[in-house]
Amino acid sequence: MVQITVDKQACNGCGACSLVCIARVYKLSEENVAQAKPSYCWKCGHCVAACPVGAINHSEYPLPLCPPIDSDILPNFESLVELFQERRSTRAFRDKAIPRETLQELLEVGRHAPTGSNSQNIDWLVLDDAGKIQALSRRTVQFLTERARFLRNPLVQLFFRVSKGSKFAGTMNGFAKKLATLKTREDAGDDPIFFRAPAVAIALAPKSDGSARDNAIHALYNVELAARRIGLATCQMGFMKFALDSDQSLRDSLGVPKGSGPQAVLAIGFPKVTYHRALPRRRPRITWIN
């Protein structure tokens, strides 16, 4: 059970803990001192982060493990936008291994991303052996090639047209053609799945969590942005994600735990190319509801 105590001598009665606590753990006493009901807590830690005087002692968030935020080193808005623009999906990696310590530090950045109901439930499977990555790429291409044949089967196409309509059937046929090109590229000596990245990280989360995919993408984007600051580049691997979703034997071969599902796949490596310009992107349509 969570243990929470408030240092009455340190508490200044500002009420910040009460304002940020959605579980209503805190209220101010007549003496204007915060009081806590630990049994209500769902361990988000907002109270500890918001208290300006360090008056809250929380068993899940000991103060020595919660350093003050150094606002002097935080990027301003312009710098942050520049970082967003500088990040690009990379598919050309150098033949250079990434130290496991670096990968460990990088992936742990993902834990600072938000998760639904504060579940903090994103874990990682990591491959950093070139032979294993190459074998996984070949197996994935084989599976996707078989799936392409299935999708282009005339009877399957007829079923799509009758049950889903011609537009859907056309979309599936186009997807099948795209899958079929992977084998052609592999036969030409390419790695069309991981692009010879020296490391592949697979984000895992419980299949029972309705927020699992969102949680993984939030964590993934933290990792992608942080990677750029240490000279690494990344790319999300959609074909690999599709194969993992579709092939139980593939998930078993990677040791995906029972009850856990692959939510996203990220190739990581040292880039061969440096991007020098930010490109324009489609502006979103923003509708104001009055």
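The values are calculated or read from the model by the stated rules, or taken from the named source; none is laboratory data. Given the structure is predicted, the values throughout are model-derived calculations rather than measurements. No Cβ is skipped: glycine too gets one built from the backbone with ideal geometry, and neighbour counts run over all protein chains shown. Ligands, DNA and RNA are excluded from the accessible area calculation, which covers all protein heavy atoms including side chains. Shrake-Rupley method; radii C 1.70, N 1.55, O 1.52, S 1.80 Å.
Per-structure values
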{"item": "Paired Rg and Dmax values of segment 91-197, which use every Cα atom, in angstrom", "result": "19.1, 54"}
{"item": "Gain upon complete extension [Val273, Ser71; 0.36 nm per residue less C-alpha separation]", "result": "69.4 nm"}
{"item": "HN-Hα J in Hz across segment 48-64 - Karplus 6.51, -1.76, 1.60, θ = phi - 60°, x for Gly and Pro", "result": "5, 5, 8, 5, x, 10, x, 8, 9, 9, 10, 5, 7, 9, x, 4, x"}
{"item": "Most mobile listed residue (Phe77, Phe195, Phe270) in the chain, GNM with C-alpha springs under 10 Å", "result": "Phe77"}
{"item": "Within segment 232-290, trypsin sites (Lys or Arg not before Pro) in DSSP loop having at most 16 other beta-carbon neighbours inside 10 Å", "result": "Lys258, Lys272, Arg277, Arg281, Arg282, Arg285"}
{"item": "Prolate/oblate/rounded label for segment 35-80 (Cα gyration tensor, a/c 1.5)", "result": "prolate"}
{"item": "Across the chain: Cys residues that no other cysteine approaches within a C-beta distance under 4.7 Å", "result": "Cys11, Cys14, Cys21, Cys41, Cys44, Cys51, Cys66, Cys235"}
{"item": "Computed [θ] at 222 nm, helices only, for the chain once each DSSP H run of length n ≥ 4 contributes -39500 (n - 2.57)", "result": "-12500 deg cm²/dmol"}
{"item": "Reduced Cα scattering model of segment 1-157, Debye log10 I(q)/I(0), q = 0.16 Å⁻¹", "result": "-1.05"}
{"item": "Amide H partners (placed H, <5 Å) of Leu204, local residues excluded", "result": "Asp123, Trp124, Leu125, Gln263"}
{"item": "Segment Arg111-Asn173, extension gain: residue separation times 0.36 nm, minus the distance between their alpha carbons", "result": "18.4 nm"}
{"item": "Whole-percent carbon and sulfur share, accessible surface of segment 26-174, 1.4 Å", "result": "53"}
{"item": "Whole-number percent relative contact order across the chain, with pairs defined as alpha carbons under 8 Å at least 6 apart", "result": "21"}
{"item": "Segment 1-81: equivalent-ellipsoid semi-axes (sqrt of 5 x gyration tensor eigenvalues, Cα, Å)", "result": "25, 14, 13"}
{"item": "Two-site FRET efficiency, Arg24 against Thr287, from Cβ-Cβ distance with R₀ of 51 Å, rounded to 0.05", "result": "0.90"}
{"item": "Dipole in debye (nearest 20) - segment 1-59, about Cα centre, beta carbon charges: Lys, Arg +1; Asp, Glu -1", "result": "200"}
{"item": "Approximate shape of segment 1-42 as ellipsoid semi-axes (Cα gyration tensor, √5λ), whole Å, largest first", "result": "17, 12, 8"}
{"item": "Rel. contact order, % - alpha carbon contacts under 8 angstrom, at least six apart, segment 133-188", "result": "45"}
{"item": "Spherically averaged projected area in nm², based on the convex hull that wraps the Cα atoms of segment 141-194", "result": "3.7"}
{"item": "Accessible surface, 1.4 Å probe, highest first, among residues Met240, Met172, Met1", "result": "Met1, Met172, Met240"}
{"item": "Calculated over segment 64-113: convex hull of Cα atoms, volume per residue (Å³)", "result": "141"}
{"item": "Difference of contour (0.36 nm per residue) and Cα-Cα distance, Ala49 to Thr102", "result": "16.3 nm"}
{"item": "Around Ala267: net Lys/Arg minus Asp/Glu count, Cβ-Cβ under 15 Å", "result": "+4"}
{"item": "Kirkwood Rh in Å, taken over segment 119-273 so that all alpha-carbon pairs contribute", "result": "16.8"}
{"item": "Probe 1.4 Å, all protein chains present, accessible-area order of His276, His112, largest first", "result": "His276, His112"}
{"item": "The chain - accessible surface per residue (Å², probe 1.4 Å)", "result": "63"}
{"item": "Equivalent ellipsoid, the chain (semi-axes from 5 times Cα gyration tensor eigenvalues, Å)", "result": "44, 23, 20"}
